[in-house]
């Protein structure tokens, strides 16, 4: 519990996370559903975003570790 | 290691500190953090993050009972949140969330989410605080949640709704923009969005309410891992989609300038020739817009710092870097009339622009189409701008637009009845002031224009 030494996370901010998580859960669920519907109807937009998805892919970890060994 | 060599920015976290040993940045880890450090090492979590390019790499130098010393890869030019454009800021926020999700999946959690833990290096945002990880305690909320909002989400929302310059607030609020202030500044419509209402407005209320009856026993709340992941994913998706309406006054600057195409190419080839002759590996382009001129340099550069006052230009540069996976280009926001200062405790936590650039020692400083803005908009005498450039430049490539140049005329006309006060703006005064600080290498006039290029060497 080293982090207890570090800084005050704010009690309000700790309590509120249950609410924030619930709201985010509902939104994520509905967006996901909407996305699937759009995908099914073939109206999902192409993505020209320069940023990746949140997940760290296994290939990211592996391909670079291979090049390190060389 | 004695604490006297401790770096002046490194005191907030008791897990360890940074120190400088003969010019090399090193990190001392205190026994308080040994358990975490060893777990992070043996589970290969560090390695995974480093291979994925998310965390700065390091090597272990020594291990004793008192301390472990590691040496991180040396970052050449640390840049701060208040120097990032909107999409750079977004990238840093997304990186932090991505790391937190990955940490949770591996049994760890970020114990802090400071924007100063991230810096732009080799073409991307990278996490530089190796000791920010702690064990994840089952069903505990994210302790750094509030910090994430005040360091990342708040400033990004302010930038979107109140103007990009809001990102500079991090200069005043070194530990994040107060959430109550963010809530008060955002437009009413943000209250109607349930995501923004819960993450900002309700949070501000909760913080306010629990501020006074806080007795230090924050045992109360619990939150499942799945719920925490919902917060992280929700923030990630929201931030990833955030965009700004561009009013690109400078964005397509090169379409609007008074350059004929030939003159533009000639200017580029003059610069390229000089950079080549000087065998420059590192440059800083002051007022470099979206990096167009630096990209015209054919000589291979190790690193190019390209800064501009215009957020859209820096953003355009950043987008180009991401799309073309460039690693040598480092765009950042910079106001030559007010460079970043030394801030934080003892004025030593975050270094000023001058301090960092003096240590960086670029081979060449480029200042193209900047001097007339400094002199005529900023009223900075030639003598003073010459002194400024001489502080950190080994060589200076500077472009001087003569009095008859249309931009100069435009700037002079805005002076109205005081126009005569700026009669000193001419090529002779420029050359004589700059000769006090620099030795002329070469001078070339650009054909069919009112502009002259100079290559100088510092005296």
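Summary of computed values
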| item | result |
| --- | --- |
| Filter result (part of a loop (DSSP other than H, G, I, E, B) and either in contact with a strand residue (DSSP E or B) (Cβ under 6 Å, 6 or more places away or on another chain) or within 22 Å of residue B:112 (Cβ to Cβ) (or both)) within the stretch B:157-185 | B:172, B:173, B:174, B:175, B:176, B:177, B:178 |
| Matching residues, the stretch B:286-316, being assigned to a strand (DSSP E or B) and farther than 16 Å from residue B:271 by Cβ | B:303, B:307, B:308 |
| Enumeration of residues in the stretch B:206-226 that are closer than 24 Å to residue B:183 by Cα and modelled with pLDDT of 90 or more | B:206 |
| So residue B:155, is it under 22 Å from residue B:97 (Cα atoms), away from chain A (no Cβ under 14 Å) and surrounded by 22 or more Cβ atoms within 10 Å (Cβ to Cβ) | yes |
| The listed residue being in contact with a strand residue (DSSP E or B) (Cβ under 7 Å, 6 or more places away or on another chain) and touching a residue at least 24 places away in the same chain (Cβ under 8 Å), out of B:354, B:337, B:376, B:368 | B:368 |
| In the stretch B:383-413, residue nearest to residue B:306 (Cα to Cα) [restricted to those that are buried (at least 21 other Cβ atoms within 10 Å of the Cβ) and over 26 Å from the mean Cα position of the chain (by Cα)] | B:400 |
| Matching residues, the stretch B:1-33, being buried (at least 16 other Cβ atoms within 10 Å of the Cβ) and at pLDDT 85 or above | B:15, B:16, B:17, B:18, B:19, B:25, B:26, B:27, B:28, B:29, B:30, B:33 |
| Verdict on residue B:312 being more than 26 Å from residue B:443 (Cα to Cα) and more than 14 Å from every other protein chain (Cβ to nearest Cβ) | yes |
| Hits in the stretch B:108-117 - residues which are over 17 Å from residue B:233 (Cα atoms) and at pLDDT 95 or above | B:114, B:115, B:116, B:117 |
| Residue match in the stretch B:239-252 (condition: within 14 Å of another protein chain (Cβ to nearest Cβ) and either surrounded by 19 or more Cβ atoms within 10 Å (Cβ to Cβ) or modelled with pLDDT under 85 (or both)) | yes |
| Cβ pairs under 7 Å, 6+ apart, first in the stretch B:434-459 and at pLDDT below 95, second loosely packed, with under 13 Cβ neighbours inside 10 Å and part of a strand (DSSP E or B) | B:459/B:439 |
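The values are calculated or read from the model by the stated rules, or taken from the named source; none is laboratory data. Here the structure is a predicted model, which means the values were calculated and not measured. Backbone-built Cβ (ideal geometry, glycine too); neighbour counts: all protein chains shown.
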